[in-house]
1. Among the residues of the stretch 134-164, what is the count of those that are touching an Asp or Glu at 6+ places or on another chain (Cβ under 7 Å) and either polar (S, T, N, Q) or loosely packed, with under 14 Cβ neighbours inside 10 Å (or both)?
2. Go through the stretch 117-143 and report how many residues are over 18 Å from A33 (Cα atoms) and not in a helix (DSSP H, G or I).
3. Check off (1) part of a helix (DSSP H, G or I); (2) touching a Ser or Thr at 6+ places or on another chain (Cβ under 7 Å); (3) farther than 16 Å from Q45 by Cβ for G113 and give me the number that stays unchecked.
4. Considering only the stretch 164-198, how many residues are within 21 Å of M76 (Cα to Cα), part of a helix (DSSP H, G or I) and either modelled with pLDDT under 95 or not aliphatic (A, V, I, L, M) (or both)?
5. Please specify each residue of the stretch 111-135 satisfying the condition of being over 17 Å from K187 (Cα atoms) and within 11 Å of the chain's Cα centre (by Cα).
Amino acid sequence: MVREQVISWLAENIKASRVEHILRVEKMATELAIHYQLEPENTAQAALMHDLAKYFPAHKLLQMASTEGLEVDEVMISNPHLLHADVSAIVARDKFGVENKEILQAIANHTLGRPGMGQVCCIVFLADSLEPGRGNTPELQALRQVSRKNIAQAVWQVCDYSLKFLVNSPGMIHPRMITTRNWFLQKWKSQQSITHVNP
């Protein structure tokens, strides 16, 4: 029932091409959750709601973040669109009654990630960047394969993929993407050392 309500709301508030992206993210996130033997419901719900605030104007994103008491730094002030993830979680809670913290965190962290985020967060983060509509380059194909082998490796490599793009554009880069990248790189390295100790 909630899914139908969300899709109806999306159809009224978001471009059709973005709704198609959201549904592809939902599909990929569900597939990854099942692949990693998670219950797919929370992952699918977070994926469906991850872009609720995608087209909110800058002043609304800043105002809602401020009202909620979220940390708004200089990078976010210069690019308020970065707040659409956090604000989408607020909309999911207030408009659709979502109280599950795992779902809300996955929505809030789908753009910049966060060090230490759990599997549901990671899967939505990965599905948002890797869903088929993002393209079919060899690099994306390789990242999709990694996403089915090792979540930590996939997260840091997707961060690298995004950072390469951002470095070549004139906007500021939010430091949280770098801390997310470093945290998951370190986690992957520690997994490798354990594997080598216990082959």
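1. Residues meeting the conditions: 0.
2. Within the stretch 117-143, residues that are over 18 Å from A33 (Cα atoms) and not in a helix (DSSP H, G or I) number 3.
3. Tallying (1) part of a helix (DSSP H, G or I); (2) touching a Ser or Thr at 6+ places or on another chain (Cβ under 7 Å); (3) farther than 16 Å from Q45 by Cβ, G113 fails exactly one: (1).
4. 10
5. Listed by number, the residues that qualify are T111, L112, V124, A127, D128, S129, L130.
Conditions tested, residue by residue: (1) assigned to a loop (DSSP other than H, G, I, E, B); (2) touching a residue at least 60 places away in the same chain (Cβ under 8 Å); (3) surrounded by 18 or more Cβ atoms within 10 Å (Cβ to Cβ).
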{"site": "A53", "(1), (2), (3)": "yes, no, yes"}
{"site": "L61", "(1), (2), (3)": "no, no, yes"}
{"site": "M64", "(1), (2), (3)": "no, no, yes"}
{"site": "V72", "(1), (2), (3)": "yes, no, no"}
{"site": "I77", "(1), (2), (3)": "no, no, no"}
{"site": "A85", "(1), (2), (3)": "no, no, yes"}
{"site": "S88", "(1), (2), (3)": "no, no, yes"}
{"site": "A92", "(1), (2), (3)": "no, no, yes"}
{"site": "K95", "(1), (2), (3)": "no, yes, no"}
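The values are calculated or read from the model by the stated rules, or taken from the named source; none is laboratory data. Keep in mind it's a predicted model, so treat the numbers as computed, not measured. Note that each Cβ is placed from the backbone with ideal geometry, even for glycine, and that neighbours are counted across all protein chains shown.
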